[in-house]
Structures are given as structure tokens and as C-alpha cells.
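Colleague: Let me give you the structure first, and then I'll get to my questions.
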Amino acid sequence: MKITVNGAAVETAATTLAQLLVEQGKATAKVATAVNEAFVPTSARDTHALANGDRVEIVAPRQGG
Amino acid sequence: MRKFYGVELTSPLMLGTSQYPSPAVLAEAFRRSGASVATVSVRREAGGDTAGQDFWALIEQLGVAILPNTAGCHSVKEAVTTAHMARELFDTTWIKLEVIGHGDSLQPDPFNTLEAARILCEDGFEVFPYCTEDLVLCERLVEAGCEVLMPWGAPIGTGLGLNNIFGLRALRAQFPDIPLVIDAGLGLPSQAAHAMELGYDAVLLNTAVAKAGDPAAMADAFGKAVVAGRLAYAADPMEPRDMAAPSTPVLGQAIL
């Protein structure tokens, strides 16, 4: 399945958002997620199925003013 | 002292965490300034990148309140989704709502800011809106549920100080019970002191400290300036006048 992760094209075997985070090495990291511009809370990652063409955003804490 | 959504801040200084020469300098700047709040953002992180994780480990050690922002957002949808991600990531309902409307000045978009504020307040966020000193916009933001207002002093990163003192004074008078924060545009501690002398409750700044030659020393200076400004406001300053008035008694002066 082809999806976009943080703006980059990714070929993935993950079928859920939780599996994608494992693939990305972010299963236990402090990150938040959105799919197709909608926030997906941590509690919903296991059940959130991914579809071809999905646009996933994975964000972490960063410097800010 | 006015509270920020029920929280009394130990210092009226809110400090950004961006643009420091190193994490160690950032930590030293916070320590010396006594800042009570750190602003942070959320940014992309995937694959082997761990910059965000490392940054968070540093910020956690500061022992200050966390105020995540929605910096860089232009639309209501972007800002609302970013706020939701920030709420989960930082485990706080506080959000510095920044919805930019103008590319060169980074002036907030008043219409989208108001719409996003309404949505976020209804969803249980405690919104700190980055706004201008426009009385009507601020009135609408308060009606939407904002219990704090954060007008700019000048455009972000300019260091120009307080560009509209009359407007900022009018805002203070208009909202006697709302905590007001000067957010953005400050370049010098004297400007921060001035904001506090106008009766503002806090100042939020980043570039003025981070881009100083000695950020930790400048942070120290800002920390002292806001305390001095707050004391001066509470001490009820004298009214300025146009004509000179001798301070030394005229009575008793020798005729020579």
C-alpha cells in the first residue's frame, strides 16, 4: 500500500496506524498523529485502518516561540 | 494578581524555546530568567529522527508550565488539528492559538483566530490567543470563551517593542479582569518593563533572548525587568506633566 508519511511517499505493509508507528520506529516515542488532516488519538491507533493514498502526519515536541 | 485559567504564575515571564545556540544555553536562560512558562511547538518526526524526543527530555527538566503553540498555521482546520495533537502530546489543555493571516508581518488572521478559538474553547481547551490590540476582536475572543488575551507588541521577531501604546493601554482599561500578555515583538528588557508598567500581566518572548550575544544574561535582564515593571505599576506611577516643577523646596532658599 502506498501512503504519505510526513509528506514523503512510503510503501507500507501496515494496515493500521499503530502498525505504521512500529514500522517507523515510533511505537513508544512521544508523538501525536493525524490522518488526512484529522487528529487520531493514541487510543484509536490500534483500530484506525489505513487506506491506499492516506496522508499520515506524525509529530513530536519541538522548539517554539 | 490575575490568574491564567486558575493558575497563578510565579513569574510574569513566558519564554520561547526556539533559536538558542545550544540546549545547554536554553536551559541556562530559563534558570537565570526565572520564567514560569515555556512555549513549544509540534513538528514532524518519523523514521530514525529523535530530535523531538531529545528536546522533550530537556524541557521536562525545566520545571515550568508548558504552553504549546499552533505556530505556522493559517487555516482554522490546521490550527484545530494542531491543537488536538499538542493537547495529547503535552498533556495540557493550554494552547497558544496562532493563526497567521499575513506573510510578511505574521499578523494574526482575526477571522480565523476567532473561529478557531470558538471551536477550541467549546472542546475544552484553555486558549491563549495571539491577537492584535483590536478592541472588537478581543471582545469577540472573550465572548468565545478565551480567558486570556495575548496582543502583539510588534510583529514577531522584530524587536521593535510596543508599537501602539495607546491601543495597549485602551485594551488594559477595557478588560480589567482578563490576564493580558504582550506576545511578540519585544527586543529589550526596557520594553518588557514598559508592558508591565501599563498593567499587563506577563510578556512572552523568544528571539530577544535566544538571539542575544549572551542569551542567559539577557534572560536574566528580562526576568528582572518584568519584576521591576510590575512593582512600578503596583506603586501607582506619577502623572506626567508638560511644565517643569521643582523637586527641591523653593521656600527657604537663601537670597544671594
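Colleague: Counting only residues that are touching a residue at least 60 places away in the same chain (Cβ under 8 Å) and not charged (D, E, K, R), how many does region B:107-129 have?
Modeller: Taking region B:107-129 as the starting set, the residues that turn out to be touching a residue at least 60 places away in the same chain (Cβ under 8 Å) are B:126, B:128.
From what is left, the residues that are not charged (D, E, K, R) are B:128.
Looking only at that region, the number is 1.
Colleague: Hey, among B:ASP183, B:ASP177, B:ASP104, which residue is surrounded by 23 or more Cβ atoms within 10 Å (Cβ to Cβ) and of a type in the set (D, E, K, R)?
Modeller: B:ASP183
Colleague: I would also like to ask the following. What strands (runs of 3 or more DSSP E), lying completely within region A:1-62, carry at least 2 residues that are facing another protein chain (nearest Cβ under 9 Å) and farther than 26 Å from B:ILE59 by Cβ?
Modeller: Ranges flagged: A:8-11.
Colleague: Within region B:50-77, track down each residue that is at the interface with another protein chain (Cβ under 8 Å from one of its Cβ atoms) and of a type outside the set (Gly, Ala, Ser). Outline the logic, then answer.
Modeller: The initial filter retains those residues of region B:50-77 that are at the interface with another protein chain (Cβ under 8 Å from one of its Cβ atoms), namely B:50-53, B:55-56, B:59, B:68-69, B:71, B:77.
Within region B:50-77, B:THR50, B:GLN53, B:PHE55, B:TRP56, B:ILE59, B:PRO68, B:ASN69, B:LYS77 meet the criteria.
Colleague: Would you check if B:LEU106 is at negative phi and either modelled with pLDDT under 95 or not in a strand (DSSP E or B) (or both)?
Modeller: Details: at negative phi: no; either modelled with pLDDT under 95 or not in a strand (DSSP E or B) (or both): yes.
Considered against the rule, which asks whether it is at negative phi and either modelled with pLDDT under 95 or not in a strand (DSSP E or B) (or both), B:LEU106 comes out as no.
Colleague: Scan the strands (runs of 3 or more DSSP E) fully inside region B:120-205 and keep the ones with 1 or more residues being over 14 Å from the mean Cα position of the chain (by Cα) and under 22 Å from B:ASN69 (Cβ atoms).
Modeller: Working: elements: B:126-131, B:181-183, B:202-205.
Fully inside region B:120-205 and qualifying: B:126-131.
Colleague: Still on this structure, please answer the following. Every residue in region A:45-61 that is under 19 Å from B:ARG87 (Cβ atoms) and surrounded by fewer than 21 Cβ atoms within 10 Å (Cβ to Cβ), please.
Modeller: The answer is A:ARG45, A:HIS48.
Colleague: Another question, then. Mind counting the residues in region A:2-23 that are more than 18 Å from B:MET85 (Cα to Cα) and not charged (D, E, K, R)?
Modeller: Within region A:2-23, the subset more than 18 Å from B:MET85 (Cα to Cα) is A:2-4, A:8-16, A:19, A:22-23.
Narrowing the set further to residues that are not charged (D, E, K, R) leaves A:3-4, A:8-10, A:12-16, A:19, A:22.
So the answer is 12.
The values are calculated or read from the model by the stated rules, or taken from the named source; none is laboratory data. Keep in mind that what you see is a predicted model, and the values were worked out from it rather than measured. Virtual Cβ from ideal backbone geometry, glycine too; neighbours counted across all protein chains shown.
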